[in-house]
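I have placed the structure first, in the form of structure tokens, so that the comments after it can refer back to it.
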Protein chains: 2
Amino acid sequence: MDSTDKKILYLLKQNARMPLTEMSKIIHLSVPAVSERIRKMEESGIITKYEVRIDRDKLNYKLLAFIFVNIETTKDIEPFRETMAMLPAVLECHHLAGEYDYLLKVVCLDTQDLEQFISSELKSIHGVQKTNTIITLSSIKEEINQ
Amino acid sequence: MDSTDKKILYLLKQNARMPLTEMSKIIHLSVPAVSERIRKMEESGIITKYEVRIDRDKLNYKLLAFIFVNIETTKDIEPFRETMAMLPAVLECHHLAGEYDYLLKVVCLDTQDLEQFISSELKSIHGVQKTNTIITLSSIKEEINQ
DNA sequence: TATGAAAAATCTAGGTG
DNA sequence: CACCTAGATTTTTCATA
């Protein structure tokens, strides 16, 4: 990972579908050289995925919330994690140090949909004890990488 | 946005660099038809960006933390937001309803780096009052879309 | 890492239901 | 309007130096 690799990553962060020919011109390196550097970063696991970002608002998912969750016993943890991985409304699920066990980042259509999610989906999972929901008013920044 | 568009989005979510020819075979539609549908989703703003996901661990950013922040007065808000947008360690910054004003998602090298961030970067911003930091032990899931 | 030929992917035009 | 086919153009891959 030298400075040229960093430049390539920077370009891919801006537009993962940028053609190699275009990157090649910006980086001042031949197309096969750029291609080989990308291949190596994929192979070494530095680049894990190419993703598309979709406007949630346009698809009517107007509500973003963070939910803290406590799990009763250790045997309830694995089923909980599996359910979180499965639920499409759950964008993120982090295991925490501190008062709460997990933090979820959840998208919903509206408050009604969120209520439904918390009571029907989340609280119905065995072992889910206390939850604490925080509503997001707006997002100043939302990136996946530095 | 019909079911075909949803299938295309699903494929792009898995791999934003998937060639149109490959998508065309899976969707059972000609290449120009797939291309046109993608163009329209870009134009209408449903697709906002193509991004690359980088393994933070591989670049030694081993620590992920969530930081709640309170801002003293309304006139301090705008400079705070601008700083958040600028700082590369801050991946996300959400304006919240409730006890705290903002929630940050922050990546750091280690606890020392985090301490440095909180004391030198965050608390040095005018108006930043109370902060509450929660360390992530592990992440079960981290998606940008449903 | 660069070059250039071959292969693959994309774009464009013109046409159909 | 969404789709197709076919030819032109661009991009990517691969072999070689």
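Some notes on this structure:
- Residues (under 18 Å from the mean Cα position of the chain (by Cα), within 23 Å of B:Ala16 (Cβ to Cβ) and small (Gly, Ala, Ser)) located in segment A:42-93: A:Gly45, A:Ala85, A:Ala89
- Cβ separations smaller than 6 Å between residues 6+ apart or across chains give the following pairs from segment A:15-26 residues that are under 17 Å from B:Glu42 (Cα atoms) to residues that are part of a helix (DSSP H, G or I) and away from DNA strand C (no atom under 11 Å from the Cβ): A:Met18/A:Leu11.
- Restricting segment A:2-40 to residues that are assigned to a helix (DSSP H, G or I) and away from DNA strand C (no atom under 12 Å from the Cβ), the residue that is most open to solvent (accessible area, probe 1.4 Å): A:Tyr10
- Of residues in segment A:41-79 being open to solvent by less than 50 Å² (accessible area, probe 1.4 Å) and among the small types (Gly, Ala, Ser), the one farthest from A:Val128 (Cα to Cα): A:Gly45
- For segment B:41-51, the candidate set comprises residues that are touching a helix residue (DSSP H, G or I) at 6+ places or on another chain (Cβ under 9 Å) and within 16 Å of DNA strand C (Cβ to nearest atom); within that set, the residue that is nearest to A:Val52 (Cα to Cα) is B:Tyr50.
- Checking each residue in segment A:55-79 for being in contact with a strand residue (DSSP E or B) (Cβ under 6 Å, 6 or more places away or on another chain) and assigned to a helix (DSSP H, G or I) picks out only A:Ile77.
- B:Ala16 vs. criteria more than 10 Å from DNA strand D (Cβ to nearest atom) and among the small types (Gly, Ala, Ser): yes
- Test result for B:Leu59, within 12 Å of chain A (Cβ to nearest Cβ) and touching a residue at least 60 places away in the same chain (Cβ under 8 Å): no
- Look at (1) under 19 Å from A:Ser139 (Cα atoms); (2) within 9 Å of another protein chain (Cβ to nearest Cβ); (3) part of a strand (DSSP E or B) and you find that B:Ile135 fails only one, number (1).
- Taken over segment A:122-142, the criterion of being on the phi > 0 side of the Ramachandran plot and open to solvent by 50 Å² or more (accessible area, probe 1.4 Å) is satisfied by no residue.
The values are calculated or read from the model by the stated rules, or taken from the named source; none is laboratory data. On a predicted model such as this, the values are computed, not experimentally measured, just so you know. Note that each Cβ is placed from the backbone with ideal geometry, even for glycine, and that neighbours are counted across all protein chains shown. Accessible surface is based on the protein model in full, side chains and every heavy atom, while ligands, DNA and RNA are left aside. Shrake-Rupley method; radii C 1.70, N 1.55, O 1.52, S 1.80 Å.
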